[in-house]
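The values are calculated or read from the model by the stated rules, or taken from the named source; none is laboratory data. Please read all numbers here as calculations on a predicted model, not as lab measurements. Cβ sites come from the backbone with ideal geometry, for glycine too, and all protein chains shown count toward neighbours. These accessible areas exclude ligands, DNA and RNA; they are computed on the full protein's heavy atoms, side chains included. Shrake-Rupley method; radii C 1.70, N 1.55, O 1.52, S 1.80 Å.
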Amino acid sequence: MGRFGLIFKSIAKGRVTEKYPFAPIELPEGFRGKPEIDPEKCIGCGACATVCPPSAIQIHVDEEQGYKTIDLFLGRCIFCARCEEVCPAEAIRLTKEFELAAASEEDLHQVVKLKMAKCAGCGRPFDTVRHLQFIAEKLPEEQKPMLALCPDCRAKLASKILTVAARRHR
Amino acid sequence: MMFKKSLWVFHLNSGSCNGCDIEVLNIFTPKQDVERLGIKLVGSPRHADAIAFTGPITRECLPKAIEAFMAVPEPKIVLAIGSCACGGGIWFDSYAVIGGIKEFYKILKEKHGIEPPTTIYIPGCPPKPEAIIYGVALARKAVEQKQKSEIFVEESDIDDAATLFKEATSTRHFIPKIEVIKRGE
Amino acid sequence: MVDKILAEYGAVVLDRNAKRLVVQVDDKQLRPLAEKLFESGFYYANGVGVDERGLGHDFAMYHVFASEKDKLYLVVKVSTSNLKLPSITPVIPGSNWAEREAMDMLGLEFEGHPEPERLILPDDWPKGVYPLRKEFDYNERPEFVERKPESTPQRTDVVQLPLGPYHPALHEPEYFEIHVDGEVITDAKYRGFHIHRGMEKLAEGRLTLNQVPFLAERICGICGFTHSIAYCQAVADAAGLDWPERAKYIGVILLEIERLHSHLLWVGVVFHLLGFDSGFMHMWRIREKVMDIAEALTGNRKTYGLVLIGGMRRDIDESRKNWVLKTLTELREETERVSKDIFGMKELINRIKGIGVLPKEDARALGVLGPVARASGIDTDVRRDHPYLAYDKLDFKVPVYPEGDVLARLLVRYDEIIESFRLLEQALSEMPQGDVMIEDYTIPSGRVGLGATEAPRGEDVHFVITGVESKVYRWHPRAPTYNNLPSVPIMLRGNNIADAPIIIASIDPCFSCTDHVAIVRKGKVIWKGPLGEGVKQVGR
Ligand code: SF4
Ligand code: SF4
């Protein structure tokens, strides 16, 4: 058969070329495309930024304005879906979108700015309001007030109480 | 429209892992076959209309990348293919790479005073062959750009934790702990 | 037997399990021990320099030897307090690059090394800055220093023509210096090796244990998944983890899919280099279906990204399994039919028969691996000799051809494609039920682990020392092309220059793998003598 076999094969096969870009293509279930943050659901906990292998998600804290910024840069994302796995609020999701080409780098950013809450002790913004509310839902009622303090103030308060307690005991 | 007809591309591997290179090659095989759209890989930057970078541009290949870039005649298009080329990828801050096309332009500007040309960023790791085709189509303005930057700012009146969780500073809530200490001693 | 040799040279056993043995020897005993090991059938698998000051020791060099006969990986550790160590390159040529790498990256000195020159770092890297020392930050960017001119000796009797680094014909540049007499190649040298992405340092610096698999996968865009498996196996070895059975089967399935696509790609490229483009198109058309399977199972065509230290991130559900099985049967028929036609073409077979011969003895001395070794009559396969994942429960043949020419390399790979189909069918239908990931485990720090897999191109060996706070202390991958490249000059000798590209491609070189540590692809080919045909496409 040899080469004639190949020629027959090619003819019998017909057209194998897809029509793209003139017709859309089909994508399988579970395709890992563009990650998208749902800004309504995001609580700004930063779990995604911690696991993201290329640090495509970065967190900036603006203490003056009292905002926490979650910056997702698609141009660095490796589409690994780790962020989707760890997000406690199920806010980040990998869509099937793959047509991501853009003419400028700015177009590749998705930014979510969340309001931060000021510490009742020192007045420094320390965590997003949404994250605090998210934790509060999981905490027993009597521990909730502790959330009003930043970790530093909480530690200070705790040690103060301990000293008081120790003195009282003596 | 700058390039009405066939787009000839010079592909430059600037330290990529090969994933993107194979996908670039892939679009010339039967399933995608972009030669039907007049796109062709050429062997010399001097014959090219567009130069495609794959990889984060390592220190070692920086001088060669600059040379190849300058050899492409004006007007030219740059295709940054893959997350490595767009933003440095997983290597973006390593000591051995310069970290993507933007840094490359910075160096070009500083050293040679060259302004960045039209650049198409094609993220993906590696981008699907169709994503590359889409990018090239975008370069030729044959399709609309779908990807746009999004900024969401939360509007909220609450900004201090005390209003959320009142009586925060009162030591009352910690008293059970003191009992524990007493018993322990 | 190994124990007797080790006792003879006063080696102290640090750690052992069924598959690997870690010993420490005195630096004076290293060279004789290495020689003895080499004589008794061990080959050099990996060499890693480690800055152990963070663990409360000095600098150390870990040499990894492997033997198919003993089914064992042997890690030999030597420490030094003054940065000086004896070189074993004079007795085992395979350690040449590993030692030079340690010189570059850590500033170790190897006494008696035949060519102590810079290997990995770029020429403009300042002297005395060693990126793998712990005091160096992964994101430090030292100043560029004056580049010293290339020290290629200028010869007057031949024409020197630089080709590359970005030559039209080179998809992956490389640097072969070829000496010809008329049309016949008399000698060849390989140089190059310059893709430095700072991978090992990144793994130690920015990333955590569970992020490194994604980095490992990007060592190579063709056979990356086996690197990430090798890494996870190494960490699992260090921590004594055992994956759930189902995860092991899924691992095998994905690895074999990767082998399929890689071999089909290679066969296509070989046809392309021979000017037989319709064969190339047919192979890549078939390959496209393999990519579709990968995409359906993992969500990405090439970077599967499915493995973490504890196992697999995605399961394969029943309906998808059946679909894959069906597609595979079709694909297998298609491959067999097309290949029958292709192998029926006499002129094609004659074109690649008897060229680029690598004799068995040379292959063994250089520690050549994978399909290249099997085409030279060496019966080696990590999947069978050091079984990992579920390979010990599956049935497959290891094709071996004694001829050692390009045709044999093509046939080995073709047979492996067919074996991969068989393996896939078995693994998919025999896959047990259960979990695919273990969730709670602890990774002890300061432990040595070794992971080896059979990549499409040969054996991958990953070496890991675990660190604190879920970080790796040291990670060093070794890819097969690293061992295979030095065999190219032997293959080239005595052949026509027009055959050079196909011979070079016949080992399926993967430069991003080789240059794993970092390296920037800077290939340069200096072609001496008539250019013409010879400089067709080299590499992919
Ligand atoms: S998909 Fe992976 S790389 Fe992309 S943002 Fe999520 S974690 Fe980061
Ligand atoms: S973007 Fe991904 S696939 Fe492409 S070169 Fe970089 S790591 Fe490789």
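Check every one of the strands (runs of 3 or more DSSP E) wholly within the stretch B:58-176 and list those with 3 or more residues that are within 15 Å of the chain's Cα centre (by Cα) and over 30 Å from A:Ala120 (Cβ atoms). Give the derivation first.
Values: elements: B:77-81, B:118-122, B:150-153.
The strands (runs of 3 or more DSSP E) meeting that bar are B:77-81, B:118-122.
So which residues in the stretch A:119-140 are facing chain B (nearest Cβ under 10 Å) and either buried (at least 21 other Cβ atoms within 10 Å of the Cβ) or in a helix (DSSP H, G or I) (or both)?
Result: A:Cys119, A:Ala120, A:Pro125, A:Phe126, A:Asp127, A:Thr128, A:Val129, A:Arg130, A:Leu132, A:Gln133, A:Ala136.
Among the residues of the stretch C:308-333, what is the count of those that are within 11 Å of chain A (Cβ to nearest Cβ), closer than 30 Å to C:Leu209 by Cβ and not acidic (Asp, Glu)?
Result for the stretch C:308-333: 5.
Is there a residue in the stretch A:134-150 that is in contact (Cβ under 8 Å) with a residue 40 or more places away in the chain and more than 16 Å from ligand 2 (Cβ to nearest atom)?
Step one: list which residues in the stretch A:134-150 are in contact (Cβ under 8 Å) with a residue 40 or more places away in the chain, which gives A:134.
Among the residues that remain, those that are also more than 16 Å from ligand 2 (Cβ to nearest atom) are: A:134.
Within the stretch A:134-150 (the criterion being in contact (Cβ under 8 Å) with a residue 40 or more places away in the chain and more than 16 Å from ligand 2 (Cβ to nearest atom)), the answer is yes, since at least one residue qualifies.
For A:Gly66, indicate whether it is more than 12 Å from ligand 1 (Cβ to nearest atom), within 12 Å of chain C (Cβ to nearest Cβ), at pLDDT below 90 and open to solvent by less than 30 Å² (accessible area, probe 1.4 Å).
Values: more than 12 Å from ligand 1 (Cβ to nearest atom): yes; within 12 Å of chain C (Cβ to nearest Cβ): no; at pLDDT below 90: yes; open to solvent by less than 30 Å² (accessible area, probe 1.4 Å): yes.
When the stated conditions are applied, A:Gly66 does not pass them.
Let me spell it out: the conditions are (1) without any contact (Cβ under 8 Å) to a residue 60 or more places away in the chain; (2) open to solvent by 20 Å² or more (accessible area, probe 1.4 Å), and C:Tyr414 meets all of them except one. Which number is the exception?
Unmet for C:Tyr414, out of (1) without any contact (Cβ under 8 Å) to a residue 60 or more places away in the chain; (2) open to solvent by 20 Å² or more (accessible area, probe 1.4 Å): (1).
With respect to A:His131, is the statement that it is within 16 Å of ligand 1 (Cβ to nearest atom) and either within 14 Å of the chain's Cα centre (by Cα) or in contact (Cβ under 8 Å) with a residue 12 or more places away in the chain (or both) true? Steps first, please.
Values: within 16 Å of ligand 1 (Cβ to nearest atom): no; either within 14 Å of the chain's Cα centre (by Cα) or in contact (Cβ under 8 Å) with a residue 12 or more places away in the chain (or both): yes.
Considered against the rule, which asks whether it is within 16 Å of ligand 1 (Cβ to nearest atom) and either within 14 Å of the chain's Cα centre (by Cα) or in contact (Cβ under 8 Å) with a residue 12 or more places away in the chain (or both), A:His131 comes out as no.
Step by step: first the residues of the stretch A:17-43, then only those that are in contact with a Lys or Arg (Cβ under 6 Å, 6 or more places away or on another chain) and of a type in the set (A, V, I, L, M), then the one that is nearest to C:Asp317 (Cα to Cα). Which residue is that?
Among them, the one singled out is A:Leu27.
Quick one: C:Val13 ticks every box in (1) surrounded by 20 or more Cβ atoms within 10 Å (Cβ to Cβ); (2) assigned to a strand (DSSP E or B) except a single one, so which number is it?
All conditions pass for C:Val13, except number (1).
Mind counting the residues in the stretch B:103-142 that are of a type in the set (Val, Ile, Thr) and either open to solvent by 40 Å² or more (accessible area, probe 1.4 Å) or more than 10 Å from chain A (Cβ to nearest Cβ) (or both)?
Taking the stretch B:103-142 first, the residues of a type in the set (Val, Ile, Thr) are B:107, B:114, B:118-120, B:122, B:132-133, B:136.
Now narrow it down to the ones that are either open to solvent by 40 Å² or more (accessible area, probe 1.4 Å) or more than 10 Å from chain A (Cβ to nearest Cβ) (or both): B:107, B:114, B:118.
Qualifying residue count for the region: 3.
Answer with yes or no whether A:Leu100 is out of contact with any Ser or Thr (no Cβ under 9 Å at 6 or more places or on another chain), in a loop (DSSP other than H, G, I, E, B), open to solvent by less than 30 Å² (accessible area, probe 1.4 Å) and not aromatic (Phe, Trp, Tyr).
Details: out of contact with any Ser or Thr (no Cβ under 9 Å at 6 or more places or on another chain): yes; in a loop (DSSP other than H, G, I, E, B): yes; open to solvent by less than 30 Å² (accessible area, probe 1.4 Å): yes; not aromatic (Phe, Trp, Tyr): yes.
Yes: the conditions hold for A:Leu100.
Report the residue count in the stretch B:88-102 for those that are among the aromatic types (Phe, Trp, Tyr) and more than 7 Å from chain A (Cβ to nearest Cβ). Lay out the reasoning, then the answer.
Initially, the stretch B:88-102 is screened for residues among the aromatic types (Phe, Trp, Tyr), giving B:91-92, B:95.
Subsequent filtering for residues that are more than 7 Å from chain A (Cβ to nearest Cβ) retains B:91, B:95.
Looking only at that region, the number is 2.
So A:Arg76 ticks every box in (1) away from ligand 2 (no atom under 16 Å from the Cβ); (2) open to solvent by 30 Å² or more (accessible area, probe 1.4 Å) but one. Which box is left unticked?
(1)
So which residues in the stretch A:37-61 are open to solvent by less than 60 Å² (accessible area, probe 1.4 Å) and either within 16 Å of ligand 2 (Cβ to nearest atom) or not hydrophobic (A, V, I, L, M, F, W, C) (or both)?
A:Asp38, A:Pro39, A:Gly44, A:Gly46, A:Cys52, A:Pro53, A:Pro54, A:Ser55, A:Ala56, listed by residue number.
Return only the number of the condition from (1) open to solvent by 10 Å² or more (accessible area, probe 1.4 Å); (2) within 27 Å of C:Glu347 (Cβ to Cβ); (3) within 13 Å of chain A (Cβ to nearest Cβ) that C:Gly279 does not satisfy.
(1)
Go through the stretch A:141-170 residue by residue and tally those that are closer than 30 Å to A:Asp38 by Cα and part of a helix (DSSP H, G or I).
Within the stretch A:141-170, the first condition is being closer than 30 Å to A:Asp38 by Cα, and the residues that meet it are A:141, A:143-151.
Remaining after also requiring part of a helix (DSSP H, G or I): A:141, A:143-148, A:151.
Residues in the stretch A:141-170 being closer than 30 Å to A:Asp38 by Cα and part of a helix (DSSP H, G or I): 8 in total.
Among the residues in the stretch B:84-101, are any farther than 19 Å from A:Gly75 by Cβ and in the same structural domain as B:Val24 (by TED's automatic domain parsing)?
Keep residues of the stretch B:84-101 that are farther than 19 Å from A:Gly75 by Cβ, which gives B:95-96.
Those still in the list that are in the same structural domain as B:Val24 (by TED's automatic domain parsing) too: B:95-96.
Yes, that holds for at least one residue.
Quick grid of which residues meet (1) more than 16 Å from ligand 2 (Cβ to nearest atom); (2) assigned to a loop (DSSP other than H, G, I, E, B); (3) open to solvent by 10 Å² or more (accessible area, probe 1.4 Å):
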{"position": "C:Arg287", "(1), (2), (3)": "yes, no, no"}
{"position": "C:Met291", "(1), (2), (3)": "no, no, no"}
{"position": "C:Asn322", "(1), (2), (3)": "yes, no, yes"}
{"position": "C:Leu328", "(1), (2), (3)": "yes, no, no"}
{"position": "C:Thr335", "(1), (2), (3)": "yes, no, no"}
{"position": "C:Ser339", "(1), (2), (3)": "yes, no, no"}
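Quick test of your reading of the structure: A:Cys87 fulfils all but one of (1) more than 8 Å from ligand 1 (Cβ to nearest atom); (2) open to solvent by 30 Å² or more (accessible area, probe 1.4 Å). Name the failing condition by number.
(2)
Show the residue pairs meeting these rules: Cβ distance below 8 Å; 6+ apart or different chains; first residue within the stretch A:43-59 and in a strand (DSSP E or B); second residue within 16 Å of ligand 2 (Cβ to nearest atom).
These pairs meet every condition: A:Ile57/A:Phe73; A:Gln58/A:Phe73.
Can A:Ala165 be described as at the interface with chain B (Cβ under 8 Å from one of its Cβ atoms) and among the small types (Gly, Ala, Ser)?
Values: at the interface with chain B (Cβ under 8 Å from one of its Cβ atoms): yes; among the small types (Gly, Ala, Ser): yes.
Yes; evaluated as a whole, the condition is true for this residue.
Given the conditions (1) in contact with a Ser or Thr (Cβ under 6 Å, 6 or more places away or on another chain); (2) near ligand 1 (Cβ under 10 Å from one of its atoms), report the number of the one that A:His60 does not fulfil.
(2)
A:Val16 - would you say it is at the interface with chain C (Cβ under 8 Å from one of its Cβ atoms) and closer than 30 Å to C:Arg285 by Cα?
Numbers: at the interface with chain C (Cβ under 8 Å from one of its Cβ atoms): yes; closer than 30 Å to C:Arg285 by Cα: yes.
The answer is yes for A:Val16.
Can you name every residue in the stretch C:64-85 that is over 14 Å from C:Arg16 (Cβ atoms) and surrounded by fewer than 20 Cβ atoms within 10 Å (Cβ to Cβ)?
If the condition is that a residue be over 14 Å from C:Arg16 (Cβ atoms) and surrounded by fewer than 20 Cβ atoms within 10 Å (Cβ to Cβ), then C:Ser67, C:Glu68, C:Lys69, C:Ser79, C:Thr80, C:Ser81, C:Asn82, C:Leu83, C:Lys84 are the ones that fit.
Here is a check on your reading of the model: is C:His261 more than 22 Å from C:Gly434 (Cα to Cα), open to solvent by 10 Å² or more (accessible area, probe 1.4 Å), assigned by TED's automatic domain parsing to the domain that holds C:Thr442 and in contact with a helix residue (DSSP H, G or I) (Cβ under 7 Å, 6 or more places away or on another chain)? First the steps, then the outcome.
Numbers: more than 22 Å from C:Gly434 (Cα to Cα): yes; open to solvent by 10 Å² or more (accessible area, probe 1.4 Å): no; assigned by TED's automatic domain parsing to the domain that holds C:Thr442: yes; in contact with a helix residue (DSSP H, G or I) (Cβ under 7 Å, 6 or more places away or on another chain): yes.
Here the answer is no, as C:His261 does not meet what is asked.
Among the residues in the stretch A:29-36, are any within 16 Å of ligand 2 (Cβ to nearest atom) and under 14 Å from the mean Cα position of the chain (by Cα)?
The answer is yes; a qualifying residue exists.
Which numbered condition trips up C:Leu273, out of (1) open to solvent by 10 Å² or more (accessible area, probe 1.4 Å); (2) within 14 Å of chain A (Cβ to nearest Cβ)?
Just one mismatch for C:Leu273, condition (2).
Within the stretch B:20-57, which residues are part of a helix (DSSP H, G or I), touching a residue at least 12 places away in the same chain (Cβ under 8 Å) and surrounded by fewer than 16 Cβ atoms within 10 Å (Cβ to Cβ)?
If the condition is that a residue be part of a helix (DSSP H, G or I), touching a residue at least 12 places away in the same chain (Cβ under 8 Å) and surrounded by fewer than 16 Cβ atoms within 10 Å (Cβ to Cβ), then B:Arg46, B:His47 are the ones that fit.
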